[in-house]
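K.L.:
Just dropping this structure here.
The values are calculated or read from the model by the stated rules, or taken from the named source; none is laboratory data. Model, not experiment: these values are computed from the prediction. In this analysis, Cβ positions are derived from the backbone assuming ideal geometry, glycine residues included, and neighbour counts consider all displayed protein chains. Just so you know, the surface numbers come from the protein's heavy atoms only, side chains and all, with ligands and any DNA or RNA stripped out. Shrake-Rupley method; radii C 1.70, N 1.55, O 1.52, S 1.80 Å.
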Amino acid sequence: MLKNKSAIVTGSTSGIGLGIAHALAGQGANIMLNGFGDSAVIADLVGYMRAKYGVQVLHSAADMAQPEQIAAMVGQAAAEFGAVDILVNNAGIQHTARVEDFPVESWDRIMAINLSSNFHAIRAALPQMQQRDWGRIINIASVHGLVASAHKSAYVAAKHGVIGLSKTVALENARSGVTCNAICPGWVLTPLVQKQIDDLALREGLTAAVAQSRLLGEKQPSMEFATPEQIGAIAVFLCSPAADQIRGAALNVDGGWAAQ
Ligand code: NAD
């Protein structure tokens, strides 16, 4: 379905972004991976994806906290692939603390990576999507873009901002073939969440299994994690003609979290 299309997926060396990159490549899209990690592991991933999917795969080490590196990454993808048809803004980090104890540098870094990077990537990628009158911008927000949890002030503020940005970009391009939407996962078992499970287990003296079920039990009625593969499949759906009129939506994939 996405043959001859090209995608950038930020933060795709791990977790949800990696799941989305696999799903888009599986539909024939060329992929610009982005994110940190061991360079040998990333080189293996690039080679594996090229062989498995028969598409072009590149990796950019651009830091999503650095606007000029984001613009350079978009420029590189457009130059190498000839276009950026799909932009998935996924890179994100977390820090938890009460607001009065929240380190200012953690606030600034979360805002830069989880929110401002979306703006910088969108403004760099949009003009050439508008020229071709087709584009898909998919921002990975969170259920924390819809509701809050204690100790996550920066993350919740940034993710609410991502949903607002998605709506605005959708409206500004409503009469074109460029759509912009947000996906709002609840708990997905990735390194980002594993760290929160480990912290909970340590803090409360729990086994990993009990900490995991406590985490789910507090918020996610299904008591099951969503998976990177499911989020990838939803990103593919948003790239399909069936989703042409889905614009400015915030799709929660949260096991019922926000329904409560
Ligand atoms: P993860 O920690 O597994 O992966 C994060 C990715 O972002 C990695 O590839 C990492 O290298 C990259 N990254 C981090 N900082 C970066 C930077 N400055 N520049 C470039 N890349 C950077 O995390 P994940 O759980 O897969 O989360 C991905 C996105 O999904 C985040 O935006 C997160 O907020 C969101 N999300 C996750 C969950 C969840 O339960 N895991 C739920 C809702 C939303």
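K.L.:
Over all distinct alpha-carbon pairs, what is the Kirkwood Rh of the chain in angstrom?
P.N.:
18.5
K.L.:
Would you be so kind as to identify which of ALA43, SER106, ALA170 lies farthest towards the positive end of the dipole of the chain, taking Lys and Arg as +1 and Asp and Glu as -1 on Cβ and the Cα centre as origin?
P.N.:
Value: ALA170.
K.L.:
Take the residue pairs LYS5/LYS167; LYS52/LYS195; LYS5/LYS195; LYS167/LYS195; LYS5/LYS52; LYS52/LYS152 and return only those whose Cα atoms are more than 28 Å apart.
P.N.:
Details: LYS5/LYS167 24 Å; LYS52/LYS195 31 Å; LYS5/LYS195 35 Å; LYS167/LYS195 31 Å; LYS5/LYS52 17 Å; LYS52/LYS152 38 Å.
Listed pairs above 28 Å: LYS52/LYS195; LYS5/LYS195; LYS167/LYS195; LYS52/LYS152.
K.L.:
In percent, what relative contact order does the range 4-84 have, based on Cα pairs under 8 Å that are 6 or more apart in sequence? Don't skip to the answer; put the middle values down first.
P.N.:
Numbers: 122 pairs, mean separation 24.5, N = 81.
Over the range 4-84, the number comes to 30 percent.
K.L.:
Still on this structure, I have one more. Using label points projected 7 Å from each Cα along Cα→Cβ, tell me how many nm separate ILE246 and HIS95, to one decimal.
P.N.:
Label-label distance for ILE246 and HIS95, simple model: 3.4 nm.
K.L.:
What percent does the relative contact order of the chain come to when contacts are Cα pairs within less than 8 Å and at least six residues apart? Walk me through the numbers on the way to the answer.
P.N.:
Details: 509 pairs, mean separation 52.8, N = 260.
In percent, rounded to a whole number, it is 20.
K.L.:
Run the quick spin-label model on GLN260 and SER39: label points 7 Å from Cα toward the beta carbon, then report their separation in nm to one decimal.
P.N.:
4.6
K.L.:
Let me ask another. With runs of 4+ DSSP H residues as the only contributors, calculate the mean residue ellipticity of the chain at 222 nm using -39,500 (n - 2.57) per run, divided by the residue total and rounded to the nearest 500. Numbers along the way, then the final one.
P.N.:
Working: 9 runs with 122 residues, N = 260.
Mean residue ellipticity, 222 nm, calculated: -15000 deg cm²/dmol.
K.L.:
So, one more: If I stretch the segment between PHE237 and ARG50 completely, what's the gain in nm (0.36 nm per residue apart, minus their alpha carbon distance), one decimal?
P.N.:
Numbers: separation 187, 0.36 × 187 = 67.32 nm, distance 2.22 nm.
Full extension of this stretch gives 65.1 nm more.
K.L.:
Express in nm, to one decimal, how much length is gained between ALA150 and LEU192 on full extension, taking 0.36 nm for each residue of separation and deducting their alpha carbon distance. Present the calculation step by step, with values, prior to reporting the outcome.
P.N.:
Details: separation 42, 0.36 × 42 = 15.12 nm, distance 1.72 nm.
Gain in length upon complete extension: 13.4 nm.
K.L.:
With a 1.4 Å probe and all protein chains left in place, how much of the accessible area of the chain comes from carbon and sulfur atoms, in whole percent?
P.N.:
Working: 6310 of 11500 Å².
Here carbon and sulfur together make up 55 percent of the probe-accessible area.
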